[in-house]
Each structure stands twice: as C-alpha cells, then as structure tokens.
Amino acid sequence: MQDVACLTVKDILKRKYFDNAEVIAGKSGLMRKVKWVHVVEVPKIQQLLNGQELILSTGVGWKEDEQLFLHFLNDLILSQASGLCIEMGTYTTTIPSSVLSLANQHHFPIIVFREEVPFVNITQDIHTYIINQQYSILQKLEAYSQQLNARLLSVHHFKEILGLLHYYTGYHVVLTLANNEVYVLPDGQEDIINDLEQKSSHIAMKEIYVMNKPYGTLYIMAQKKEISEVDVLILNRTATALAQHFLREMFVEEKKRGKQSEWIRSWLEGVDSIKGEQLIHSYFKKGIKGGVVCFVRTKEVEGYHDGTYFHLFARSIFEQLGFHFLAAEHAGDHIFVLFNQREHQHWKERVQRGLEKIMKMPETYKRNIHILTIGIGKYAHQLSDFPTSFQTAKEAIRIHRNIRQTSDLCFYDELHMYRIIGLLQQSTNLQEIIAEYLQPLIDYDRKHHGKLLETLKVFLQCNCSKKETAKKLYVVRQTLYHRLSKIEQLLGKDFLHSDKRIAIELMLYAHDFLQQEQTTQSSISID
C-alpha cells in the first residue's frame, strides 16, 4: 500500500513562502512531525498546545527580553511543539545565543524570516495540505475496511485476515493468542518474535478482546520506516475484525454445545448418571474439584430469544473465575453447571462475582432473556453430588419466592431456617403445626387488629431484650409490657422455655413463609 506521508518541518521548508527562510538552530530536528500551525504572540502558551504544532511568531510577546524568550522556548519544547518560525525585524532583531543553544540541545528547529511574510497565507497553505492528507487517510482506510468486511463474510480461517493486513501494508504481521499460539506472516520469519517487546517506532500493537476477555495481541512491524498514523488505524480495524471472527467461531461452538442440553438435564435429574459422568470426564481431562449447579429462572418476553450468546457470555465470565462451564435450557429457564478448578474455600465468592456480572450483562448478550432469580444449589464435592446440587438450586428458587429478599441471588446453604420449613412442608401438614403453636395469637390479632405476632417475632429476634424490642417496634415500654403479658396469657407461661421457644420461633418463620406463598400464588393466578 502506498503510504500517506506525515508532514515534517523539512517538508514545510520546501513549500511556498519558505523560499527565503533560514534554519538557525535545531537542524537535527527537521524530521519532527507537524499536525497543525499556530500563530502565537503571547509568552504563556504551554497549556494551549497539544503537541506537534509549528509555531509562527513576530516576537512581540518577548521583544528583546532574553529571559522571557528562553521561558517561551522552554514551554514549546515541553509541549512537544514541532518548531518555531520567527519574523525578524519589527519586534525581534537578534536571536540570543542562549536561545540558540537551548534549541540545539533539544533538537528544536528555529526558523527565521528575514523579511515580512503573510502568516495567514502560510497557515492556510499548510492547513489545506494537512486536511487533504487526513481526507486521503480516510479514503485509504475506507477502501481497506471494505476489503476487510468482504473478506470477513467468507473467511474460513483468521490467517486470511492476517494475510490481507500483510498484503495491504507490506509489513510483517504477528498474532499472539492467549493460549500461547503464535502466527507470523510472511512464513519463515518467526525470528522476529523476539523483537516484539522492544519499544520502537517501527512496531505497533493492538490487544484483542472478545467478550471483555483478553484473547490475543496483533502486531505490525516495519523494517525501513516508521509506523504511520494510517497504519495504526488499519491495525485497529483489523484487530476489531479478528475479534468479530473469533466471537463468531465461539458462537458456532456454543451453538453446538447447546445440543448437550438433553443429556445434561438427564444426568442432573438422575436418569442416566453413569453416561453423564463419562461424558463429563471426556470433556474435562483435568481433575474436577467439585462444583455447583445454578438454576436461572427467567421471565417470558415476547419475541425471538436465543440463549447461545447468553451462555457464551456466562462461559467467558466463569472460565476467568476458575470454573469449567456447561449450560442447558430447561423449559425456558437456564441451568449452569460449574466445575471448580481452584481451591474449594473461596468457591462461593467467585460464583457470586460471576452471577452479579451476569445480572448486569449488556442487552446485546441477553437477547430477550429477562432474569428473575438465580438459585445456587449445595456445593457438590464429587460428580455424584451434582444432581443434589441441581435439586437444591431449584428448591432455592421455590423458597426465594416465599421470603422477603432484596437480592436476586439465592444460595441454598444460606436459607437455614427456610430449608427446614421446606422439608416440613413436604412431609407434614405445616399449617396444623403452626396452628398448634400460634393459633391463639393469630385469632387475637384478627379479632382485635392486634400486633401480637409481630411483637413476639421481634422480641425473639432481639433475644428477649425489652428495651431493644420497644425501640424496633417504635412503642413505649408500657405498651410492650402489655403485649407480652397478653402473649404469655395466650401461649402459656412457659413460652420462653428453650424447647418451646425454638419451636415457636420456627413456626413464626413458617407462618410468614406460607403467607408469602399464598400471596405469590394469588399474583400468579391474576397474571
């Protein structure tokens, strides 16, 4: 590709209006690049410059003040300006030797005009040239982008994209992937890999991210010239195209994995445990240090939805957190099977971090999937424990519906009392047991619009501290004493004896649980 040359101070000296200009200092810096031209007549300029500007001045800002001139020049050098052009005569008649010495020391060109020159014409001429150069860069970038996009539609291997970059720039191209694979073009130039880490104007690099995860790094290496601005733009476009190609490959692979849903569900439901465990061992050659099953409850949303991107995003997150990942769909919901690769101690913190990221994932990856709740089952120490983890993840979802929780993440092993209530509900008539312990209070509250149940619950939560209970209920102590007396009258004087107190406290939780369950079922039937 024919490069778009960067404008330098040396190039500008060949242009119109510079025929009689003279370089009196900093001749070794004539290859400095020029991105813009400014006319400056004030001594304090540093904060107004962005770097690589050529400065035109008559010297009115410093006149014959040598120290002010030195300070002005030093600001230009610190600001990475390209050079200074001075019109001699009206305000500046001589250039002090100290100024020339400073300019030479920093290879900073000072150019003088011995006669009056039209600054406005100089700026117009150079700015027109720079703008035309920028337009030429955009044209070349657009031409490359069109070829790149066309290639991206039909490419079978990413080396074809690397080949296009090499052909278009003529540079060596190197791609290093996160799995330590390295690709070099042209072939047979692998020895240049050792030069990649050198800081050089002949090397440019761009990191490639896929699903917010480092995937690799793309390099271009020029042998005889510096990497130009357009080269860097082409490099960036190519890195983006490679990221899109890798994402497409990952999508196709995830789509294939989606066909695993049936045997994953069968294994977790205990239908074909032996076959399921054999398949898992074939997928993950390295040893599995236990794991956990997450059940993702979703809400039906109108329109087409595909869980592939959702699973792909989740896989990317959990693999970074040290888990092998399997996913399956289950009646519109989703199952994540996480196989731990790290130490057991911190598995929960890692799972929570991953799930919190999933709850905040971009809509691009959700594709009409609206997450309601995620239940996390018991930790499975071996493969045969994963079906139990699956069942407890579903149980966590069921319990979560009936308790007041602000979080959408529900760990089964944090439900404590509610797990016992769930077991009681399955094996006995829970309503009868609640009535046995709490019915007198329930009847009293219903008849007198009282708050004995609430008072008893808070009193037990406060470890029977009357002061703390009154504070939490926002009542005076006399009111609390009256309520506690009534509770004692209805439940018996032994209601705080250890065994009975534990049973009463459990039934208070169970009562709230069933009340919330009835409310949930009502809202579902209304919907």
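From the list Lys44, Lys16, which one is surrounded by fewer than 17 Cβ atoms within 10 Å (Cβ to Cβ), in contact with a helix residue (DSSP H, G or I) (Cβ under 8 Å, 6 or more places away or on another chain), farther than 15 Å from Val117 by Cα and in the same structural domain as Gln105 (by TED's automatic domain parsing)? Reasoning before the result, please.
Working: Lys16 fails: farther than 15 Å from Val117 by Cα.
It is Lys44.
Regarding the range 137-148, can at least one residue be identified that is closer than 28 Å to Leu68 by Cα and without any contact (Cβ under 8 Å) to a residue 40 or more places away in the chain? Please lay out each step first, then the result.
Within the range 137-148, the first condition is being closer than 28 Å to Leu68 by Cα, and the residues that meet it are none.
Scanning the range 137-148, I find no residue that is closer than 28 Å to Leu68 by Cα and without any contact (Cβ under 8 Å) to a residue 40 or more places away in the chain, so the answer is no.
Report, by residue number, each residue of the range 7-39 that is among the aliphatic types (A, V, I, L, M), over 44 Å from the mean Cα position of the chain (by Cα) and part of a loop (DSSP other than H, G, I, E, B).
Hit for the range 7-39 is Ala21, nothing else.
Restricted to the range 339-388, and to residues that are under 20 Å from the mean Cα position of the chain (by Cα) and of a type in the set (S, T, N, Q), which residue is surrounded by the fewest Cβ atoms within 10 Å (Cβ to Cβ)?
Selected residue: Thr364.
Pick out the one residue from Val34, Val40 that is on the phi < 0 side of the Ramachandran plot and at pLDDT below 90.
Exactly one residue qualifies, and that residue is Val40.
Checking Tyr135 against (1) of a type in the set (Phe, Trp, Tyr); (2) surrounded by 12 or more Cβ atoms within 10 Å (Cβ to Cβ); (3) assigned to a helix (DSSP H, G or I), which test does it fail?
(2)
State which residue is surrounded by the most Cβ atoms within 10 Å (Cβ to Cβ) when the search covers only the range 228-258 and only residues that are in contact (Cβ under 8 Å) with a residue 24 or more places away in the chain and hydroxyl-bearing (Ser, Thr, Tyr).
Thr238
What's the number of the condition Ile161 fails, among (1) part of a helix (DSSP H, G or I); (2) surrounded by fewer than 17 Cβ atoms within 10 Å (Cβ to Cβ); (3) within 29 Å of the chain's Cα centre (by Cα)?
Here Ile161 meets the rest and fails (2).
With (1) surrounded by fewer than 17 Cβ atoms within 10 Å (Cβ to Cβ); (2) in contact with a strand residue (DSSP E or B) (Cβ under 6 Å, 6 or more places away or on another chain) as the list, and Lys225 as the residue in question, which single condition is left unmet?
Exception for Lys225: condition (2).
Does Glu262 count as loosely packed, with under 15 Cβ neighbours inside 10 Å and assigned to a helix (DSSP H, G or I)? I'd like the intermediate steps shown before the answer.
Numbers: loosely packed, with under 15 Cβ neighbours inside 10 Å: yes; assigned to a helix (DSSP H, G or I): yes.
Yes: the conditions hold for Glu262.
Output the residues belonging to the range 265-293 that are at pLDDT 75 or above, farther than 19 Å from His344 by Cα and not in a helix (DSSP H, G or I).
Of everything in the range 265-293, those that are at pLDDT 75 or above, farther than 19 Å from His344 by Cα and not in a helix (DSSP H, G or I) turn out to be Glu269, Gly270, Val271.
Looking at the structure I just gave you, is Glu343 in the same structural domain as Pro387 (by TED's automatic domain parsing), acidic (Asp, Glu) and either at pLDDT 90 or above or not in a loop (DSSP other than H, G, I, E, B) (or both)?
Taking the combined requirement at face value, the residue does not satisfy it.
May I ask you to say which residue of Thr388, Thr373 is touching a residue at least 24 places away in the same chain (Cβ under 8 Å), among the polar types (S, T, N, Q) and either over 18 Å from Thr308 (Cβ atoms) or touching a strand residue (DSSP E or B) at 6+ places or on another chain (Cβ under 8 Å) (or both)? Step through it out loud before you land on a result.
Numbers: Thr388 fails: touching a residue at least 24 places away in the same chain (Cβ under 8 Å).
Thr373 is the lone residue from the list that is touching a residue at least 24 places away in the same chain (Cβ under 8 Å), among the polar types (S, T, N, Q) and either over 18 Å from Thr308 (Cβ atoms) or touching a strand residue (DSSP E or B) at 6+ places or on another chain (Cβ under 8 Å) (or both).
Any residue at all in the range 80-90 that's farther than 30 Å from Gln139 by Cα, at pLDDT below 85, surrounded by fewer than 17 Cβ atoms within 10 Å (Cβ to Cβ) and not aliphatic (A, V, I, L, M)? Before you say what the answer is, go through the steps one by one.
So the first thing to find is which residues in the range 80-90 are farther than 30 Å from Gln139 by Cα, and the list is 84-90.
Okay, now just the ones that are also at pLDDT below 85, so 89-90.
Next, from what is left, pick out any that are surrounded by fewer than 17 Cβ atoms within 10 Å (Cβ to Cβ): 89-90.
Now restrict to residues that are not aliphatic (A, V, I, L, M): 89-90.
Yes, the range 80-90 contains a residue that is farther than 30 Å from Gln139 by Cα, at pLDDT below 85, surrounded by fewer than 17 Cβ atoms within 10 Å (Cβ to Cβ) and not aliphatic (A, V, I, L, M).
Please work out which residue is nearest to Ile161 (Cα to Cα), limiting yourself to the range 200-255 and to residues that are part of a helix (DSSP H, G or I) and basic (Lys, Arg).
Keep residues of the range 200-255 that are part of a helix (DSSP H, G or I), which gives 229-255.
From the residues that got through so far, the ones that are basic (Lys, Arg) too are 237, 248, 255.
Details: Arg237: 11, Arg248: 14, Lys255: 24 Å.
Among those that are part of a helix (DSSP H, G or I) and basic (Lys, Arg), it is Arg237.
Kindly provide the set of residues from the range 405-445 that are touching a helix residue (DSSP H, G or I) at 6+ places or on another chain (Cβ under 7 Å) and in a loop (DSSP other than H, G, I, E, B), ordered by number.
Asp408, Leu415
Exactly one of (1) among the hydroxyl-bearing types (Ser, Thr, Tyr); (2) over 13 Å from Leu506 (Cβ atoms); (3) free of Cβ contacts under 8 Å to residues at least 40 places away in the same chain is unmet by Thr428. Its number?
It fails just one condition, (2).
Under 6 Å between Cβ atoms, which residue pairs at least 6 apart in sequence (or on different chains) link something in the range 305-325 that is assigned by TED's automatic domain parsing to the domain that holds Val293 and under 21 Å from Glu363 (Cα atoms) with a partner that is in a helix (DSSP H, G or I) and acidic (Asp, Glu)?
Once the first residue is assigned by TED's automatic domain parsing to the domain that holds Val293 and under 21 Å from Glu363 (Cα atoms) and sits in the range 305-325, its partners that are in a helix (DSSP H, G or I) and acidic (Asp, Glu) give Thr308/Glu254; His311/Glu254; Leu312/Glu254.
The values are calculated or read from the model by the stated rules, or taken from the named source; none is laboratory data. What you are looking at is a predicted structure, and each value in this text was computed from that prediction instead of being measured. When we count neighbours, we look across all protein chains shown, and the Cβ atoms used for this are built from the backbone with ideal geometry, even at glycine.
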